[in-house]
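Read the structure below first, then the notes.
Here, each number is a calculation from the coordinates, and none is a lab measurement. The shown structure was predicted, so the numbers you read here are calculated from the model rather than taken from an experiment. Positions of Cβ are backbone-derived with ideal geometry, glycine not excepted, and every protein chain shown enters the neighbour counts.
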Amino acid sequence: MLNSFCKIKSALCMFLLVWGLPMFNHVRAQESESEFIFINGEKWHLLDCCPILQSGVYDALKTVIPESQIFDASNWGGYWSIKNDMLVLDSVRVATDRHYCIPDPVLKKIFSQYVKNGQIVASWFSKNVRAGRRPWLLGRSSFEAKKHFATEMELDIQEGRLTARRLYTNARLVKGFSLDHFNQMPAAMRDSLISIDASRHPELKEIARLFVQIRKPVLDVYGNLLDCQVKAIGRIQDEREEFPRVADDVKRKLQEIKPWQVCRINGKLVNGDWDGGDWGGGGYNIPIRLH
């Protein structure tokens, strides 16, 4: 019995050593490291992008990043600045205990094709990017892909040159229902939303699994859901099929919920991070229970 317990304990310790510690380091790195940009001397978070990955020299850069931190770009980050309306890479810092910084001569050698007047100019990079300053407004978790700050700036970058900037003050206008926190909503409301009376929908007779996709909510400043796109999707004999009548029922239930959370984010009224785009991505999926 004692030998069995010791074996189990040893196996558990080995599991934590092999899997637990790297996972812990990964979490720590995500919380402490990201891309930063200095604009007029002020430090901002550079959101949703890593310009270095598009530079063509990432493979060379990996050779000077500690091997333990290469597996995820969140473990290291670029420090950037806007200088004379150009996006400049000042340094690359790695999430180690001492926040290792790649030496400047090494960095400039790797990016030699982009060095101009002693600076690494991101002439390879063209994109509309966001920069944010604390406090957080949405997406506080380190693992949430979409984050929003109370103050944000959109930067239009074309071949490394800043062509336009837009400053926004974001705010939560109405505190209410949000599909970002669907699992935290009251059980009665959640059950009502995801339960469908199968007797009203004979077309669902052969459906074993059904879910809805929700996109593009239209909200007013009082927390009313004016409109949204809803699709109800199920499978019949491995064939995907849509059920418009079910979608209409779910949409009606959504519009009965009051109030919805309303945030003004970069000039738009949104519910949260799920505001969504085309049907190919974004949005929010809800499993439906038939009764």
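In table form, for the structure just shown:
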read-out	value
Distance violations [Cα-Cα > 21 Å] among 43/116; 43/109; 147/253; 62/108; 231/251; 147/258	43/116; 43/109; 147/253; 147/258
Counted charge near residue 42, where neighbours are those whose Cβ lies closer than 12 Å (Asp, Glu -1; Lys, Arg +1)	+3
Region 173-290, relative contact order [Cα under 8 Å, separation at least 6], %	37
Using distinct alpha-carbon pairs, which all enter the 1/r mean, Kirkwood radius of region 173-290 in Å	14.9
For residue 100, residues with placed amide H under 5 Å, excluding near neighbours	94
